[in-house]
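Here is the structure we will look at, set down as structure tokens.
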Amino acid sequence: MPSLKDLKNRITSVKNTRKITKAMQMVAAAKLRRAQEAAEAARPYAERMTAVMSSLAAGVGGSASAPRLLAGTGADKTHLLVVMTGERGLCGGFNANIAKLARARAQELLANGKTVKILTVGKKGRDALRRDLGQYFIGHIDLSDVKKLGYSNAQAIAKDILSRFAAGEYDVATLFFSRFESVISQIPTAKQLIPAVFEDAAGHGATADFDYEPSEEAILADLLPRGVATAIFAALLENNASFNGAQMSAMDNATRNAGDMIDKLTIEYNRSRQAAITKELIEIISGAEAL
């Protein structure tokens, strides 16, 4: 049974921990508001960009002059998995859920005889996948020194991905990130970047009413690289909002758990102190009666 001093020291330690988790919760809450606003502001632009490219892709169809980023290499032998996670932890299952989705996809591709290459963005994703899939790593992008995410960060990642595609290093590129829904809901998402896939491209009939100058192929050749950078930028913002939401929720739970632990330790301390006082009184009374 722990002594009174041990219990008192433990109560003090848990109180200090609660102060830290409460402070981290407040910081995450302040960052979440800005991150959520940035993610929600980027969604309309990304959706409109996708709609324009979808319309153009429907007009191009399967023509031989279609841009390579749309038509692909004609094969799906080599897959590049771009895994975007956080640079820090203490955020519940945020990083683990993204890594789990990427790991499942990599294992599925390997089981089907495909070649897998992994590009990580964020330290936690690299650490989570290193044990099982470390031999498939081809690069890492560190954003730990970035204080505010900007479009330039997405452009740097997109440039790396596009240059590898131009060099023929892979056939299909898939982006893994977490889509922000709410403070308690972040959805791990996989999105194919290359070749570009548009859900409504096949059924988009509005392109027949428009004549493009230059040609649709030329416009797509210019828009598709920007579309890759835009998708990456939107994913970075979604990830940032998801991270802060997950951290806020995790620190709130930690603060509540610390409070419960303090209550239990305080009850145990009071019981132990009362037992010690009672024991001393019994000894004093017994000694007095013996005289």
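Computed from the coordinates by the stated procedures, all read-outs in this text should not be read as laboratory data. It should be emphasised that the depicted structure is a prediction, and the values quoted were computed from it without experimental measurement. Heads up, the Cβs are rebuilt from the backbone with ideal geometry, glycines too, and the neighbour counts pull from every protein chain shown.
Using a 10 Å cut-off around each Cβ, can you sort LEU175, LEU32 from fewest to most neighbouring Cβ atoms?
Lowest to highest Cβ neighbour count: LEU32, LEU175.
Calculated from DSSP H runs of 4 or more alone, at -39500 (n - 2.57) each and per residue, what is the 222 nm mean residue ellipticity of the chain, nearest 500?
Counting only the DSSP helices, I get -22500 deg cm²/dmol.
What's the magnitude of the charge dipole for segment 42-247 around its Cα centre, counting Lys and Arg as +1 and Asp and Glu as -1 at the beta-carbon? Answer in Debye, nearest 20.
Once rounded to the nearest 20, the dipole reads 1100 debye.
Among residues other than ALA250 whose Cβ falls under 12 Å from its Cβ, what is the net charge (Lys/Arg +1, Asp/Glu -1)?
Spelling it out: positives minus negatives among the neighbours equals +1.
First check a/c for segment 4-108, with a ≥ b ≥ c the square roots of the eigenvalues of its C-alpha gyration tensor; if it is under 1.5, answer rounded, and if not, answer prolate when a/b is larger than b/c or oblate otherwise.
It comes out oblate by the Cα gyration axes.
With an 8 Å cut-off on Cα pairs and a minimum separation of 6 or more residues, tell me the relative contact order of the chain in percent.
Contact order relative to length: 33 percent.
Quick one: net charge of ALA71's neighbours, Cβ under 14 Å, K/R +1, D/E -1?
-3
What's the exposure ranking of LEU162, LEU69, going from fewest to most Cβ atoms within 10 Å?
LEU162, LEU69
If you consider only alpha-carbon coordinates, what radius of gyration and Dmax does segment 90-159 have, in Å?
Using the Cα atoms of segment 90-159, the pair Rg, Dmax is 13.4, 41 Å.
Helix 216-290 sits at what angle to the longest principal axis of the chain, using alpha carbons and giving 0 to 90 degrees rounded to 10?
Long axis of 216-290 versus the principal axis of the chain: about 10 degrees.
Of all the C-alpha pairs in the chain, what % are more than 26 Å from each other?
Cα-Cα pairs of the chain separated by over 26 Å account for 56 percent.
So if a site counts as exposed when it's one of the GluC sites (Glu not before Pro), its DSSP state isn't H, G, I, E or B, and it has at most 15 other Cβ atoms within 10 Å, what's the longest stretch of the chain without one?
The longest such stretch corresponds to 1-168.
Would you mind classifying segment 233-291 by shape? Square roots of the alpha carbon gyration tensor eigenvalues, ordered a ≥ b ≥ c; an a/c under 1.5 is rounded, otherwise it is prolate if a/b is larger than b/c and oblate if not.
Because a/c hits 1.5 or more and a/b exceeds b/c, segment 233-291 counts as prolate.
Which percentage, to the nearest 5, of the DSSP beta bridges contained in the chain is antiparallel?
Within the chain, antiparallel bridges account for around 35 percent of the total.
Could you list ILE157, ILE267, ILE219 so that the one with the fewest beta carbons within 10 Å of its beta carbon is first and the one with the most is last?
Fewest to most other Cβ atoms nearby, the residues stand as ILE267, ILE219, ILE157.
Net charge within 13 Å of GLY93 by Cβ-Cβ distance, Lys/Arg positive one each and Asp/Glu negative one each, not counting GLY93 itself?
+2
About its Cα centre, how strong a charge dipole does segment 67-163 have in debye, to the nearest 20, once Lys and Arg get +1 and Asp and Glu get -1 at the Cβ?
60
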